[in-house]
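The values are calculated or read from the model by the stated rules, or taken from the named source; none is laboratory data. Everything numeric in this text was worked out from a predicted model, so none of it was measured. Positions of Cβ are generated from backbone atoms using ideal geometry, with glycine treated the same way; all protein chains shown enter the neighbour counts.
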Amino acid sequence: MAKVDVEKRILSENDRVAAENRGRFDDAGVLVLNIISSPGSGKTTLLEGTLDRLAGSLSVLVIEGDVSTDRDIERVKAHGAGGVQINTGGGCHLSAKMVAKVLPELDLGAADVLFIENVGNLICPSTYDLGEDAKVVLLSTTEGDDKPMKYPAIFHESSVAILNKIDLLEHLPYDAKRAEREIEVLNADCDILRVSALKGDGMDGWIDWIHRKLEEKRGRQR
């Protein structure tokens with residue numbers, strides 16, 4: 001059997017399970033955001049700052065995806081989120097089936113937002129639908145401003161691109177405007193936000209984006 005046929009079958013099965021996940025999320029009325037980036041871009045730091053800012057207004061759950069350890073789920077739990085860790089044991093992405101397996105451990109009906117922090121990788125996660133409402137791609141100023149065109153699929157698929165570590169711009173030869181222009185070429189509908197998850201710059205815009213997407217989802221379900 002040709003390799004392409006095997007890949008099509010794998011993705012077809014993933015899409016079937018993703019549709020089931022999406023149905024469960026919709027029934028619960030929870031907004032699901034799949035956060036994707038390369039390692040070290042600041043996904044978990046972004047989540048920590050997000051949890052602190054959403055505390056008292058929205059109930060949040062987190063699914064943490066990583067190759068090994070439970071370090072990231074312990075970090076977000078320390079900021080008040082309930083959640084679960086998925087370790088892939090070497091896999092470069094989460095799949096819909098992996099997510100489906102842990103959903104019984106989560107009280108979706110009591111949550112407003114579910115964040116899925118995917119395995120650190122800009123390539124593999126772009127192909128796998130998990131049932132999320134939106135993909136969120138995170139890139140940082142320490143990675144180089146050529147990432148959008150080098151890894152176009154994830155930018156094409158994402159609803160929002162977050163440029164993180166803007167507090168370091170004055171110290172780096174990073175052309176933020178170039179990166180943003182290339183994102184716009186790849187996906188004119190992609191929102192673009194500049195933040196420093198560590199320092200807090202721009203985080204209010206990200207929080208507003210989450211609230212807006214949650215309102216839009218619930219508005220569609222009325």
I need the full set of residues from segment 176-222 which are assigned to a loop (DSSP other than H, G, I, E, B) and either touching a helix residue (DSSP H, G or I) at 6+ places or on another chain (Cβ under 9 Å) or not acidic (Asp, Glu) (or both), in order please. 187, 188, 190, 195, 196, 197, 198, 199, 200, 201, 202, 222
Going through segment 123-137 in order, the residues found to be closer than 20 Å to residue 183 by Cα, surrounded by 24 or more Cβ atoms within 10 Å (Cβ to Cβ) and not charged (D, E, K, R) are 125, 136, 137
With the structure loaded, tell me whether residue 101 is surrounded by fewer than 16 Cβ atoms within 10 Å (Cβ to Cβ) and at pLDDT 95 or above or whether it fails that test. yes
Any residue in segment 37-47 that is of a type in the set (A, V, I, L, M), modelled with pLDDT of 95 or more and more than 24 Å from residue 144 (Cα to Cα)? no
Every pair of residues 6+ apart whose Cβ atoms lie under 6 Å, when the first sits in segment 195-217 and is under 15 Å from residue 138 (Cα atoms) while the second is surrounded by 13 or more Cβ atoms within 10 Å (Cβ to Cβ) and acidic (Asp, Glu): 196/167
Please pick out the residue among 162, 166, 73, 86 that is within 26 Å of residue 9 (Cα to Cα) and touching a residue at least 12 places away in the same chain (Cβ under 8 Å). 86
Are any of the residues in segment 29-52 within 27 Å of residue 222 (Cα to Cα) and loosely packed, with under 14 Cβ neighbours inside 10 Å? no
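Which one of these is among the charged types (D, E, K, R) and either in contact with a strand residue (DSSP E or B) (Cβ under 6 Å, 6 or more places away or on another chain) or farther than 21 Å from residue 195 by Cα (or both): 75, 16?
Details: 75 fails: either in contact with a strand residue (DSSP E or B) (Cβ under 6 Å, 6 or more places away or on another chain) or farther than 21 Å from residue 195 by Cα (or both).
Exactly one of 75, 16 is among the charged types (D, E, K, R) and either in contact with a strand residue (DSSP E or B) (Cβ under 6 Å, 6 or more places away or on another chain) or farther than 21 Å from residue 195 by Cα (or both), namely 16.
Working only within segment 174-201, note down all residues that are at positive phi and surrounded by 18 or more Cβ atoms within 10 Å (Cβ to Cβ). Step through it out loud before you land on a result.
Of segment 174-201, the ones at positive phi are 200.
Listed by number, the list is empty, since nothing qualifies.
Of all the residues that make up segment 72-89, how many are among the acidic types (Asp, Glu) and either over 17 Å from the mean Cα position of the chain (by Cα) or closer than 14 Å to residue 113 by Cα (or both)?
Initial filter on segment 72-89 (among the acidic types (Asp, Glu)): 72, 74.
Filter again for either over 17 Å from the mean Cα position of the chain (by Cα) or closer than 14 Å to residue 113 by Cα (or both), leaving 74.
Counting residues in segment 72-89 that are among the acidic types (Asp, Glu) and either over 17 Å from the mean Cα position of the chain (by Cα) or closer than 14 Å to residue 113 by Cα (or both) gives 1.
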